[in-house]
Amino acid sequence: MDHSGHGMTMDLPPFTLARGLEWSADPFFLLACLAGLGLYGWGVLRLRRRGDSWPVSRTVLYVVGVLTIALVMCTRLNDYGMVMFSVHMVQHMVISMLSPILILLGAPVTLALRALPTAGKGRKGPRELLLMLLHSRYMRIITHPAFTIPLFIASLYALYFTPLFDFLMGSRGGHIAMMVHFLAVGVVFFWPIIGVDPGPHRPGYLMRMLELFAGMPFHAFFGIALMMASTPMVKTFENPPASLGIDALSDQNAAGGIAWAFSEIPSVLVLIALLFQWYGSEQRQARRKDRAADRDGDKELAAYNAYLASLNTREG
């Protein structure tokens, strides 16, 4: 198999974390990460100059989310991931289950809608096109649980247990397409569940939790299937380079362990975020009710005062 374009992949020394974190940027993902950070920064600056605020926590979450993509795609982890199933699985889990959650909590769509200028009457600028996309039938379909949950599950089983995975891993373009797919699947799966951005589907908090847990058992079963297998299941990783000094089957078992363990991380992150969102929503509703009660109280007091005044007038 040709691994050209991924550095000296075939001559990689045995994997260590220090080696894995050495700089080795994939140009596509490097440019994409820089563009993502630059556009987000522009949006925040535009709001600040206008005198509007933007939560620092959202900026931090978004930046960390983009940096997690850079971590797995712009370091030697990407080179090792071409020949080691375990390292590839770390890439897959981070880019499909950690990066999307952090990026979505950064609310990039909300920022874009607030920062982009409105086009003149009868014209369509970037902001108007973004709104049209958000309200489109296409977006309603791809963010519906009946689509997102099967897609999330199929991305594991249909990819790894068919020849499609080997085909994509055979070229740099295929590998990039696969990683973009993992990221996109993560975004559309977690958006209706956790996203703070506007979207077509916004079920109640209990329903969101059910959606989250509907996909996770399949993820765990996938990991267990790799851990229990007695033969290598993916051709790409069947014959690792001798320089790595690893056994294909034990590396596959490690990959399964990573997939199984990682399904817990997003579950915990999403649950914490959902509980905070739920609490915030309840607090806002309580404040609205208090304000409404205050207004009603003020009206009653005004009516009572008017009644007293009318009595005084009559007596006078």
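Hey, what did the chain get for relative contact order, percent, Cα under 8 Å, at least 6 apart?
Working: 367 pairs, mean separation 66.0, N = 316.
21 percent.
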Rg and Dmax [Cα atoms of the stretch 115-222; Å; Rg one decimal, Dmax integer]: 17.1, 54
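Viscosity 0.692 mPa s, temperature 37 °C: give me the Stokes-Einstein translational D for the stretch 161-290 in µm²/s, with Rh taken as the Kirkwood radius over C-alpha pairs.
On the way: Rh = 17.6 Å.
So the translational diffusion coefficient is about 186 µm²/s.
Express in nm, to one decimal, how much length is gained between Ala220 and Val180 on full extension, taking 0.36 nm for each residue of separation and deducting their alpha carbon distance.
Fully extending the segment from Ala220 to Val180 adds 12.2 nm.
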Among Thr59, Thr75, Thr110, residue whose mean-square fluctuation peaks in a GNM of the chain (springs only between Cα atoms under 10 Å): Thr110
Protein accessible area in the chain, 1.4 Å probe - carbon and sulfur %: 67 percent
Helix-only [θ]222 nm of the chain, DSSP H runs n ≥ 4, -39500 (n - 2.57) each, per residue, nearest 500: -23500 deg cm²/dmol
Positive-end extreme of charge dipole, the chain - chosen from Gly199, Pro232, Cys33 (charges on Cβ): Gly199
Helical segments meeting 24 Å axial Cα length and Kyte-Doolittle 0.5 threshold in the chain (DSSP H): 27-50, 56-73, 172-194, 205-228
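Just subtract the alpha-carbon distance of Tyr205 and Ala302 from 0.36 nm times their residue separation and send over the number in nm, one decimal.
Details: separation 97, 0.36 × 97 = 34.92 nm, distance 3.98 nm.
Full extension of this stretch gives 30.9 nm more.
Identify the chymotrypsin sites (Phe, Trp or Tyr not before Pro) of the stretch 127-161 meeting these criteria: DSSP loop state and at most 15 other C-beta atoms within 10 Å of the C-beta.
On the way: sites: Tyr138, Phe147, Phe152, Tyr157, Tyr160, Phe161; in loops: Phe161.
In loop regions of the stretch 127-161 (DSSP not H, G, I, E or B), the sparsely surrounded chymotrypsin sites (Phe, Trp or Tyr not before Pro) are Phe161.
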Zone of Trp23's modelled label, taken as backbone nitrogen in the stretch 64-99 under 13 Å from a point 7 Å along Cα→Cβ: 74-76
Solvent-free Debye scattering, log10 I(q)/I(0), computed from the Cα coordinates of the chain at q = 0.06, 0.07, 0.13, 0.15 Å⁻¹: -0.29, -0.38, -1.02, -1.26
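Using the Cα centre of the stretch 1-159 as the reference point, and only Cβ charges (+1 on K/R, -1 on D/E), how large is the resulting charge dipole? Debye, rounded to the nearest 20.
Details: 14 positive and 7 negative charges, 253 e Å.
The dipole magnitude comes to about 1220 debye.
The values are calculated or read from the model by the stated rules, or taken from the named source; none is laboratory data. These figures come from a predicted structure and were not determined experimentally. Glycine also receives a Cβ, built like all others from the backbone with ideal geometry; neighbour counts cover every protein chain displayed. The accessibility values were calculated without ligands, DNA or RNA, using every heavy atom of the protein model including side chains. Shrake-Rupley method; radii C 1.70, N 1.55, O 1.52, S 1.80 Å.
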